[in-house]
1. Tell me, yes or no, whether segment B:105-115 has at least one residue that is away from the ligand (no atom under 14 Å from the Cβ), open to solvent by 50 Å² or more (accessible area, probe 1.4 Å) and either out of contact with any Phe, Trp or Tyr (no Cβ under 8 Å at 6 or more places or on another chain) or acidic (Asp, Glu) (or both).
2. Applying the selection to segment B:688-707, what residues are touching a helix residue (DSSP H, G or I) at 6+ places or on another chain (Cβ under 8 Å), surrounded by fewer than 19 Cβ atoms within 10 Å (Cβ to Cβ) and away from chain A (no Cβ under 13 Å)?
3. Given B:702, B:677, which one is assigned to a loop (DSSP other than H, G, I, E, B) and either more than 30 Å from residue B:197 (Cβ to Cβ) or touching a residue at least 12 places away in the same chain (Cβ under 8 Å) (or both)?
4. Name the residue, out of B:132, B:172, B:190, that is away from every other protein chain (no Cβ under 14 Å) and within 16 Å of the ligand (Cβ to nearest atom).
5. Tell me yes or no: at least one residue of segment B:270-281 is in contact (Cβ under 8 Å) with a residue 40 or more places away in the chain, more than 16 Å from the ligand (Cβ to nearest atom) and within 14 Å of another protein chain (Cβ to nearest Cβ).
6. Please go through segment B:731-747 and give me each residue that is assigned to a loop (DSSP other than H, G, I, E, B) and either in contact with an Asp or Glu (Cβ under 9 Å, 6 or more places away or on another chain) or of a type outside the set (Asp, Glu) (or both), ordered by number.
7. Quick one: which residue in B:783, B:769, B:795 is more than 30 Å from residue B:639 (Cβ to Cβ) and open to solvent by 10 Å² or more (accessible area, probe 1.4 Å)?
Amino acid sequence: MRGWTFLLAGPIVWTVQFFALYGIASIFLTSTTTRVLAGLVSLACLAAIAWLFVHVRRSQPVDDPDAWMHRVSLLGIGVSAVAVFWQSLPALIA
Amino acid sequence: MKSETGFDPALYDRFPTEGERPEGELEELERIWCAPKGWQLLAAVNNNYVGTFYVGTAFLFFVLAGILALVMRVQLALPLQGILPQETYNQFFTMHGTVMMFLFAVPMMEALGVLLLPQMLAARDLPFPRLSAYAFWAYFFGGLCFFASIFFGLAPNGGWFMYPPLTGMAYSPGINADFWLLGIGFIEISAIAGAIEIIVGVLRTRAPGMTLDKMPIYAWAMLVFAAMIVVGFPSIILGTLLLELERAFAWPFFDPTRGGDPMLWQHLFWFFGHPEVYIIFLPASGLVSMMVPTLARTKLVGQNLIVMAFLATGFISFGVWSHHMFTTGMPRLSIAFFSAASMAVSVPAGIQVFSWISTFAVGKPRFNTPTLFALGGLITFVIGGLTGVMVAMVPFDWQAHDSYFIVAHLHYVLIGGMVFPLFAALYYWIPMMSQRALSERLGKWVFWLMFVGMQVTFWPMHILGLMGMPRRVYTYLPGRDWDTINFISTLGAFTIGLGVLLFVIDLARNFRFTPDNDAGNVYGGGTLEWLPTGLYSTRSIPVVKSREPLWDDPDLAKNVEEGRYFLPNSATGLRETIVTSPLRAEPQYLQIMPGPSVWPLLAAIFTAGFFIIMTIQAYKFSFACGILAIVCVLRWLWDTDRLVKEETVDVGAGIRLPTYCTGPSSHGWWATMVLLTVVFMIFVMAMFSFVYLYGVHPRFWTAAADKWSLLAILPAYAAAAGLALLSRHMLAREKTEHWTPGVLFVLAVCALVAGIGIDFWSWLRSGLLPTTSGQGATVYGLLSLESILVFIAVLMAGYISARNGRALIVRPRNNSLDLCVLFTVYAALEGAVTAILTRLFPWV
Ligand code: HEM
């Protein structure tokens, strides 16, 4: 279970961010409140990603399914970091 | 090496075993796994047969929908043609789109999964063979009846996404739309059955030693595919249910004059509909990722990146549904968020494409038919992907929306991303199940006709779209410069048709189904499906040590065939397979599998009957079918979950495994959890509908039912959950009377009935009726969902009592009881949340 959690952790953070932004924009429409809240949520998600990165980096599994899951988890976290950042841009510029 | 389950990995070193296997083992396997002959073949459940029927049927629907497309193209070849009158044209494009998406693309991918997965994982079969058979037959009968509606002029005509208000009673009074809603809603249920099978199959029946990192990439694709079905399809099931309720009983879910909203349909539809595109693309990408290394004769470049891309697609594709609704006037920021996600989702697809290109570049491909189809698919898909990024830009989409540009885009993606890979896969894997491979020479013709035809048909449509030709028009006026382009497009369509025809001829000439005497590994693949097999799959189940075991161990096939690995015989004299752990695939127990049976077939016929006959409003007959379907399902389940006399058996090399397993590590538990996820997702989408309608039309909201009734409802549900858990607890106790667990379970279900009963009664007393407003409709919709769960629990109570009566509920743990308890506890939770949400929202 732990292994799966980290494997999916990056994309899960993205999902949380996305649905939070969708919810906020649906309630507060195109307004400054939306932008501020969206910014805060995005920062929190980036922080979560940073925490995940540090946490996963620290474990050093030796043999294969674990070492492999470790690698793919890191990949997922890296891609999600970019995705979360990208997803927050509309709040700043749109 | 670490262990996941306590199994000692050092035991793997005992394989391959030394010495000859005793005589007669192989014959016994053949006898146990043989399929019925003649008419009784319809009762077969072996994945080879069911898988082949399934692929064949899906292909049939491809051809049928293709013929509809050709007729449409003839109609559009010249301006003001009179071949298809307007109404028929509407039915044709609706049926073409619907059949291609729901009866061809998704089922074809599931069908290939049923056919290929057990072989690739070296399992004897998928974990629930009768469920696969049921899913197939339900789809077969349901699909054919649905298609037949076109011959009676009763086919749906509202487009493949069936937007209300066009599809509501006011504008579509006939039963055409009902055919779509009931037919498709029902076929989705069959897709979900297949998804459950695939998830449990991939996670629990891999060959020992096939850890997650050594799992074939196709299995990864299928895992994500099935998970996406589980999350995405509930939304369309709910949507079809709500629209049907609106049409049949005037519950105003989508009627803005009474507090409903047509946009709700668009949200529900596209929350399923866009992931659907990836649901179709992922398995195809899995197939390509399996074929490319073999065809290029090298290892796949970036395997880990591809796995990551699959997982990322699985998530991100659920964040893009509203890009189909850019023109509906959503808040500007929401649109921007969806636009960003829509661009992001092309990154994982790009990763896959680059990985294939690099593998081809690194390797030494021979340009045989599967390679051509894989490359042709790649080129076509990339073009479709680029136009996809174009329409993800909101201002461009405003221009291109509902024009032929979209028709071009969607066909590029679907044909490049799914149809061409499918043909590659057919050429590549047919030697696995046919005595002869298909013809290379004809194959090249098929490819070039289809590829050139594809470009000639759809490329000009981009231009037509930019020149302003709207989609879904049955004809157009001369003098707009659309004539020549349309004519060229029609010529292209017939070229594709010719290619498909040649393929069918090739099939007729060369395809000869065989479970054991096949043409073999023509292209030199390295994964387990290329081991020699019979109906029992491989003679023995190998220990997997790498991603391409056949490339890395040249003796593997011989040793497997001589029975030198796991399960070289039938340990119990019954059909069986090894269930392994989800991460490291360590052997856990021996699953006893059911054999051929007519009950899944009959159950499927009656289920299809229930839905299809309901469309023509012969309610008594329809309900009779429903009852018969339930009886058949119960009868089929009755034979399952039995103990065998051996508690543990030798599965090879002196390793002993139990023959019965209960609780969270059993495959039944896993399947139930997946099923409950589906039910939960339906519930989530229903709650979304409720909150959404309040959000858009709060003025229609009136006071909720009496909050004090919660004081009766919540204890009733708590009692239901508590009693159910108690029944499980009591079964484990030595001193418990024989009848106690059964009686406790029945009491639990009685408490459930009380809970939903009081809930209904209190709403009826409040004066709000389902027809009153969007609030009434969604409240009663939520209550109806809970009633369905309670109804199933009542059936379970009867079933558990009957099994208990026959002493089939065995101590200390029993799967049938466990799974019914799990379901009841869930039903109680959902009931409680329903009662609280409908009363306290939005006044908390
Ligand atoms: C084999 C060649 C094919 C041809 C010649 C073809 C042709 C057409 C035509 C003429 C339309 C109607 C356009 C309109 O009036 O708006 C259409 C719509 C559509 N096609 Fe195809 N098609 C083909 C294959 C496919 C495949 C393989 C799929 C999916 C897997 C597919 C999915 C659709 C969908 C979803 C629609 C939209 C239906 C709607 O507007 O409701 N088509 N196609």
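The values are calculated or read from the model by the stated rules, or taken from the named source; none is laboratory data. Nothing here was measured: the structure is a model prediction, and the numbers come from that model. Here the Cβ is made from the backbone with ideal geometry for all residues, glycine too, and neighbour counts use every protein chain on show. Quick note on the areas: whole protein, heavy atoms, side chains included, nothing else; ligands and nucleic acids left out. Shrake-Rupley method; radii C 1.70, N 1.55, O 1.52, S 1.80 Å.
1. no
2. B:697, B:701, B:702, B:703, B:706, B:707
3. Testing whether each residue is assigned to a loop (DSSP other than H, G, I, E, B) and either more than 30 Å from residue B:197 (Cβ to Cβ) or touching a residue at least 12 places away in the same chain (Cβ under 8 Å) (or both) leaves just B:702.
4. Going through B:132, B:172, B:190 in turn, just one is away from every other protein chain (no Cβ under 14 Å) and within 16 Å of the ligand (Cβ to nearest atom): B:172.
5. yes
6. Answer for segment B:731-747, where residues must be assigned to a loop (DSSP other than H, G, I, E, B) and either in contact with an Asp or Glu (Cβ under 9 Å, 6 or more places away or on another chain) or of a type outside the set (Asp, Glu) (or both): B:733, B:735, B:736, B:738, B:739.
7. Every option except B:769 fails the conditions.
A quick yes/no check of all residues on (1) within 14 Å of another protein chain (Cβ to nearest Cβ); (2) within 13 Å of the ligand (Cβ to nearest atom); (3) within 30 Å of residue B:29 (Cβ to Cβ):
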{"site": "B:432", "(1), (2), (3)": "no, no, yes"}
{"site": "B:438", "(1), (2), (3)": "no, no, yes"}
{"site": "B:461", "(1), (2), (3)": "no, yes, no"}
{"site": "B:473", "(1), (2), (3)": "no, yes, no"}
{"site": "B:505", "(1), (2), (3)": "no, no, no"}
{"site": "B:508", "(1), (2), (3)": "no, no, no"}
